[in-house]
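This report refers to the structure that appears directly beneath it.
The values are calculated or read from the model by the stated rules, or taken from the named source; none is laboratory data. Just so we're clear, the structure is a prediction, and the values are computed from it rather than from any experiment. With ideal geometry, Cβ positions are generated from the backbone for all residues, glycine too; neighbour counts draw on all protein chains shown.
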Amino acid sequence: MAKSILITGCSTGIGYTCAHALQKAGYQVIASCRNSDDVKHLQSEGLTCIQLDLNSSDSIESAVKKALELTGGTLDALFNNGAYGQAGALEDLPTQALREQFETNFFGWHHLVKQVLPIMRMQGYGRIVQNSSVLGFAAMSYRGAYNASKFAIEGWTDTLRLELANTDIKISLIEPGPIETQFRKNAHKTLMKWIDFDQSVHHEEYEKRLEALGNQTSTNAFVLPPESCVAPLLHALEAKKPRIRYRITTPTKIFAILKRLLSSRTLDWVLRRAS
């Protein structure tokens, strides 16, 4: 019998790629997207796709109910992937911008896992995979809202892992780093929404970042395609002892080492240059 998995944030990028790859690997994939047009697009490509808006508790609960109807009442795995990056200096961002960042990137994930865990406890097994980031443990300038949401996901996931230690429900973190997706396009949109460039002391820095965010492709020498996340995800889903963290890109692996070896001040200098 095919293993079932619910994946969030499947309209583009990592979620889209992994949904297709897992279906080809024999999984019963229930992909999900926030926008109904994206749902229809994925359905036209042969995927089972449902609507799930991480900003809405009602939408989350309805999506889980629909997923269980599709699977016959069980769910083998959840891949929490849906998120976006709010760019901007912290002193320029209104509190509401951070609330919206956390609603999608953190509170929505929490509510979704709360719906899924009773099912996994009842069936006696399950896998939960959280798509975090290098920015979940190494902060960078002008990404404070996103940094904070991913740092929160890392701590939340570590805590849940401890609380699930006496069960057969395994939880892992994927930490991609630079992946070629539409992440920059969405970051550009939210930057324009919340930041008053003319009034900001960071005006010159924003000009540079707007140019970079406007590029069709990343200029990062270490950027990888979203397909690079498929093998780690499969290992997290299928290994007898899945890893706690899967670090995918070179920058993620390097910064994980540097954080252990360098003093905080020295690491700050490296991170400022990397930003």
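Scanning region 251-275 for residues that are touching a Pro at 6+ places or on another chain (Cβ under 9 Å) and polar (S, T, N, Q) yields a count of 1.
Restrict the check to region 130-137 and report whether at least one residue is farther than 22 Å from Ser275 by Cβ and touching a strand residue (DSSP E or B) at 6+ places or on another chain (Cβ under 7 Å).
Among the residues of region 130-137, at least one is farther than 22 Å from Ser275 by Cβ and touching a strand residue (DSSP E or B) at 6+ places or on another chain (Cβ under 7 Å), which makes the answer yes.
Arg99 passes every criterion in (1) in a helix (DSSP H, G or I); (2) farther than 30 Å from Asp196 by Cα apart from (2).
Which residue is farthest from the chain's Cα centre (by Cα), if the candidates are limited to region 1-22 and must be touching a residue at least 24 places away in the same chain (Cβ under 8 Å) and part of a loop (DSSP other than H, G, I, E, B)?
Looking only at region 1-22, we keep the residues that are touching a residue at least 24 places away in the same chain (Cβ under 8 Å), and these are 2-22.
With the extra rule that they be part of a loop (DSSP other than H, G, I, E, B), the set shrinks to 2-3, 8-12.
Working: Ala2: 25, Lys3: 22, Thr8: 9, Gly9: 8, Cys10: 11, Ser11: 13, Thr12: 12 Å.
Among those residues, the one meeting the criterion is Ala2.
Determine whether Gly177 is of a type outside the set (Asp, Glu) and at pLDDT 95 or above. Answer is no for this residue. Taking region 108-165 as the region of interest, how many residues are part of a helix (DSSP H, G or I) and of a type in the set (A, V, I, L, M)? Qualifying residue count for the region: 15. For Ser57, the test of being surrounded by fewer than 24 Cβ atoms within 10 Å (Cβ to Cβ), at pLDDT 95 or above and in contact with a helix residue (DSSP H, G or I) (Cβ under 7 Å, 6 or more places away or on another chain) is passed.
Checking each residue in region 57-114 for being within 16 Å of Ser4 (Cα to Cα) and either in contact with a Phe, Trp or Tyr (Cβ under 7 Å, 6 or more places away or on another chain) or basic (Lys, Arg) (or both) picks out Lys65, Lys66, Asn80.
So how many residues does region 18-40 have that are surrounded by fewer than 17 Cβ atoms within 10 Å (Cβ to Cβ), farther than 23 Å from Gly73 by Cα and not basic (Lys, Arg)?
We begin by selecting, within region 18-40, every residue surrounded by fewer than 17 Cβ atoms within 10 Å (Cβ to Cβ); these are 24-26, 35-37, 40.
From the residues that got through so far, the ones that are farther than 23 Å from Gly73 by Cα too are 35-37, 40.
Remaining after also requiring not basic (Lys, Arg): 35-37.
Result for region 18-40: 3.
Consider region 150-175. How many of its residues are touching a strand residue (DSSP E or B) at 6+ places or on another chain (Cβ under 7 Å), in contact (Cβ under 8 Å) with a residue 40 or more places away in the chain, within 25 Å of Arg99 (Cα to Cα) and not charged (D, E, K, R)? Here the count works out to 4.
Just to verify a result, which residue in region 110-144, among those that are among the aliphatic types (A, V, I, L, M) and free of Cβ contacts under 8 Å to residues at least 60 places away in the same chain, is surrounded by the most Cβ atoms within 10 Å (Cβ to Cβ)? Walk me through it before giving the result.
Start the filter on region 110-144 by keeping residues that are among the aliphatic types (A, V, I, L, M), which leaves 112-113, 116-117, 119-120, 122, 128-129, 134-135, 138-140.
After this cut, where a residue has to be free of Cβ contacts under 8 Å to residues at least 60 places away in the same chain as well, the list is 113, 117, 119-120, 122, 128, 135.
Details: Val113: 19, Leu117: 18, Ile119: 18, Met120: 23, Met122: 10, Ile128: 25, Leu135: 22.
Once the filter is applied, the top-ranked residue is Ile128.
Each residue in region 65-103 was checked for being under 23 Å from Ala236 (Cα atoms), touching a Leu at 6+ places or on another chain (Cβ under 7 Å) and surrounded by 20 or more Cβ atoms within 10 Å (Cβ to Cβ), and 7 of them qualify.
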